[in-house]
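The values are calculated or read from the model by the stated rules, or taken from the named source; none is laboratory data. None of the values given here were measured: they were computed from a predicted structure. Cβ coordinates were reconstructed from backbone atoms using ideal geometry, including for glycine residues, and neighbour counts include every protein chain displayed.
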Amino acid sequence: MFMTRWLYRLLSFFESHGTPQGTSLGICCGLLLALAPINTLQFWVFISFIFLLQLNLTALLFSWGLFLIPSTLATPLFKKLGLSLLISKPLFSLWAFLYDLPVLPYTDFYNPEVLGKLTFALFGVIPIFVFSLKATIWLEPIVYHWWRTTKLYTLYRGYKPYATK
């Protein structure tokens, strides 16, 4: 019965902070976490967003795992993007100023891979939010109805300790 309960919680994708905005925020935060290396400050800032925002944790974990795959595969492209930003002459004074700030060097923005991933994440979060919001609104009734009609759901609801819910 443990697996049934775990699967029920996993598939309750639209029930925790069940608004489409909460699901979309979870997907966007998963994108940010997938593109931030764990040993940098921005990763821990994105982790703090989880506790500050009301977002869908299932959507966050699912999208984090989903976005980790292309993030890993596209690492050479992110390195090229970050390197082109770091060596562009108009930005030299900006990089020098940012490096002299007290906390910002802990973000490792001077690493080409980190800068490329962070730039892509910051520019990609708004389109991903809009797309996931529209997809959530469109898919929610379909997935919710499908889940309620499965045999596994009826078996779970018939289980005695959870039958009153």
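Search segment 80-129 for residues being β-branched (Val, Ile, Thr) and free of Cβ contacts under 8 Å to residues at least 12 places away in the same chain, and hand back the single one that is farthest from Gly26 (Cα to Cα).
As a first pass, look at segment 80-129 and keep what is β-branched (Val, Ile, Thr): 87, 103, 107, 114, 119, 125-126, 128.
Then drop every residue that is not free of Cβ contacts under 8 Å to residues at least 12 places away in the same chain, which leaves 87, 126.
Details: Ile87: 34, Ile126: 13 Å.
The extreme case among them is Ile87.
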(request) For segment 40-64, name all the residues that are free of Cβ contacts under 8 Å to residues at least 24 places away in the same chain, closer than 26 Å to Pro112 by Cβ and not aromatic (Phe, Trp, Tyr). (result) Val45, Ile47, Ser48
(message) Going residue by residue through segment 56-63, is there one that turns out to be among the aliphatic types (A, V, I, L, M) and at pLDDT 90 or above?
(response) no
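Rundown of residues vs (1) under 22 Å from Thr136 (Cα atoms); (2) buried (at least 17 other Cβ atoms within 10 Å of the Cβ); (3) in contact with a His (Cβ under 7 Å, 6 or more places away or on another chain); (4) of a type outside the set (S, T, N, Q), yes/no style:
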position	(1), (2), (3), (4)
Cys28	yes, yes, no, yes
Pro37	no, no, no, yes
Thr40	no, yes, no, no
Val45	no, no, no, yes
Asn56	yes, yes, yes, no
Phe67	yes, yes, no, yes
Leu91	no, no, no, yes
Tyr99	no, no, no, yes
Leu104	no, no, no, yes
